[in-house]
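Nothing in this text is a laboratory measurement; each read-out follows from the coordinates by a stated rule. Predicted model, so just to flag it, every value in this text is computed and none were measured. Here the Cβ positions follow ideal geometry from the backbone for every residue, glycine too, while neighbour counts run over all protein chains shown.
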Amino acid sequence: MIPLKISKQEVNGMELGAFEGEIILVEDQKTLRNMEADLVSQKFVGFDTETRPAFRRGVSYDVALLQLATRERAYLIRLNEMGFPKEARNVLESAQIIKVGAAVRDDIKALKKISPGFAPDTFFDLNEELKRVGFLNVGVRNLSAMVLGIRISKSEQVSNWEALALTDKQLLYAATDAWACLEIFLKLYKQGYLDDIFSM
């Protein structure tokens, strides 16, 4: 039975878990094409973005990284370096692929800011939808603990996502966030928790 609420102490007491598949930093056209071919063959894809934190009032940054994950592979696209490639947009605008994230509205708003013509389609927001089925705690960290039984590290959340080179820790953090969203969704879906709000 999956709990519907969890305390910070319970989360902190769990074993650390992270994405164990292949992490692909997308930096050229060939990798973009391979990514699109992989993702358009999927029914469900994990989704997240990262933005450089601003520590001063009135300072803000555009979204720097887009993460798209399957169960086996996590694609990390450095939007601050290569713009918003059409291959990534094609996935996010496809009605055939369900993109699963948490606090999706904020991510979409950030992507529209860098590409006003962006027309996102078929997203599933864990935070919004799971409140409707009785979850009292949401957010990737809480849901990973409740549903997957793991604690995911948030230590890199406020790191510099526009750094010249991303560290291995940053890459793993970014991949884990998108993958965890997908895993949470798949487990809840298979166990019937989403039957009332989501039908295939």
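With bins 5 Å wide beginning at 0, the percent of Cα pairs of the stretch 1-71 falling in each bin runs 3, 10, 14, 15, 15, 15, 15, 9, 3, 0. Taking GluC sites (Glu not before Pro) in DSSP loop conformation with at most 12 other Cβ atoms inside 10 Å as exposed sites, the chain has its longest uninterrupted site-free stretch at 73-200. One chain, two ends: Glu22 and Lys5. Fully extended at 0.36 nm per residue, the span grows by 3.0 nm beyond their Cα-Cα distance.
Please go through the stretch 55-114 and write out the trypsin sites (Lys or Arg not before Pro) that DSSP classes as loop and that have at most 13 other C-beta atoms within 10 Å. Taking the stretch 55-114 and a limit of 13 other Cβ atoms within 10 Å, the loop trypsin sites (Lys or Arg not before Pro) found are Arg56, Arg57.
Taking the Cα centre of the stretch 1-140 as origin, sum charge times position over the Cβ atoms of Lys and Arg (+1) and Asp and Glu (-1), and report the length of that vector in debye to the nearest 20. With Lys and Arg at +1 and Asp and Glu at -1, about 540 debye. Pairs of Cα atoms in the chain fall into 10 Å distance bins, from 0 up to the last occupied one, in shares of 9, 37, 37, 16, 1 percent. Globularity index of the stretch 110-200 is 1.26 (Cα radius of gyration / 2.2 N^0.38 Å, N = number of residues).
Projected label points at Tyr61 and Glu81, each 7 Å from Cα along the beta carbon direction, are separated by 1.4 nanometres. Volume per residue of the convex hull around the Cα atoms, evaluated for the stretch 68-168, comes out as 136 Å³.
Going 7 Å from the Cα of Val40 along its beta-carbon direction, which residues of the stretch 99-131 have the amide nitrogen within less than 18 Å of the resulting point? Residues 99, 119-122 fall inside that zone.
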